[in-house]
Amino acid sequence: MSVASKSRLVYLSGKMVPEGEAKISIFDSAVMLGDCVTESTRTFAHQPFRLTDHIDRLYRSLKITRIDVGHSRKELTQITRDVLDANMHALNAADDCWIVHNISRGLLKHGPSPAQQNTATVMIFTDHMDLRGWAKYYTDGCHAVTSMSRAVPAQSLDARIKNRSRLAYTMADTEARLVDPDAQCVLLDIHGNIAENKGGNLCVVTDGELRTPTTENSLAGISRQTVLELSGDLGIPVRESRLQMYDLYTADEVFFTSTPYCIMPATRFNGLPVSDGKVGPVTKQLLDAWSKRVGVDIVSQAQRQIDRQ
Ligand SMILES: Cc1ncc(COP(=O)(O)O)c(C=O)c1O
């Protein structure tokens, strides 16, 4: 059962409207320039997870990109909750949903500097959290593959700005899938350090220590932050550091973190097994701890969706 249905209500620049009536101009700067910041939050047991952190990150992205959303944080948080409430009735009790914010600079102006601030286009919607595509990775792990394209350097576009200009990530994903159609891409930065995935951060565990790249070259992921906090609770030492491909080849465990799947184990890296090629104990321990924190068994929720299909 999906929230995506005829009855879904979405928020578009001041109005709650049925999905089919939510239309934006082909001259919107999101369409013309990919000039749009974004957030994706998920629910656990129908409650938004770390919504304040997502809204805070959104406002940091808005500030740096100089997009005026026209709402205070408090107002935008209330609108977000209203969108969620308006659509909860369509959500299966066992499932959860995404809440997505897309905020563009608005309609382009004609003339020499089209991307001047106009009235922002504010788009907020919920979508059913379909976890079926990730379900098998919790038990089997995925194949992490480096792409040919490198991450956009922070000097050009800081990775901490969560934005919808996704061409670089999409190309990296496509390239990794040339090696293995089921691959998850690993982007390196222009210096050859591990950066991130098209929609997730990376962590490695070696000799009991968890390491993740710094935010010099990767988004300050909220799932990454959750893993760092849970590791602290579990007494797992953590370090934010530069990592090279060598560190993934020789790690005991490798995993990705992102809002929908939380933790996605990788059991192969560029064709070689990570350690013994099985999902490792620290990864499992962190998934368990996360499930306990949110009161939802993350792995079972995804697997139940497969069983139901
Ligand atoms: C490029 C990129 N890196 C990392 C992440 C993970 O961030 P979060 O854990 O906040 O979902 C995302 C999420 O969409 C992303 O787009």
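Values in this text are rule-based calculations from the coordinates and carry no lab data. Note that the coordinates shown come from a computational prediction; the quantities given were computed from them, not determined experimentally. All Cβ positions, glycine included, derive from the backbone under ideal geometry; neighbour counts span all protein chains shown.
For Gln155 and Val17, calculate 0.36 nm times their separation in residues minus their Cα-Cα distance, and state this gained length in nm to one decimal.
45.8 nm
Computing FRET efficiency as 1/(1 + (r/R0)^6) for Thr250 and Ser7, where r is the C-beta to C-beta distance and R0 is 45 Å, gives about 0.30. Entry note, the chain: the mean residue ellipticity at 222 nm calculated from DSSP H runs of n ≥ 4, each adding -39500 (n - 2.57), is -10000 deg cm²/dmol after division by the residues and rounding to the nearest 500. Relative to its residue count, the range 134-308 spans a Cα convex hull of 111 Å³ per residue. Per-residue 3J(HN,Hα) values for the range 20-35, derived from phi via the Karplus relation 6.51 cos²θ - 1.76 cosθ + 1.60 with θ = phi - 60°, read x, 9, 7, 10, 10, 6, 5, 9, 5, 5, 5, 6, 6, 10, x, 8 Hz in sequence order (x marks Gly and Pro). Spatial offset of the range 243-272 relative to the range 101-136 amounts to 30 Å, using the alpha carbon center of each. With Cα atoms as the point set, the radius of gyration and Dmax of the chain evaluate to 19.6, 60 Å. A cut-off of 5 Å between modelled amide H atoms, ignoring neighbours fewer than 5 places along the same chain, links Phe44 with Phe49.
Applying the Karplus relation 6.51 cos²θ - 1.76 cosθ + 1.60 with θ = phi - 60° to the range 255-265 yields 3J(HN,Hα) values of 8, 9, 10, 6, 3, x, 9, 6, 9, 10, x Hz, where x marks Gly and Pro. In this simple spin-label approximation, Met88 and Ser241 carry label points 7 Å from Cα along the Cα→Cβ vector, and these lie 4.5 nm apart. Number of Lys-Lys pairs in the chain with C-alpha atoms under 22 Å apart and a separation of 8 or more places or on different chains: 15.
Distance from the C-alpha centroid of the range 185-223 to that of the range 40-91: 25 Å, rounded to the whole angstrom.
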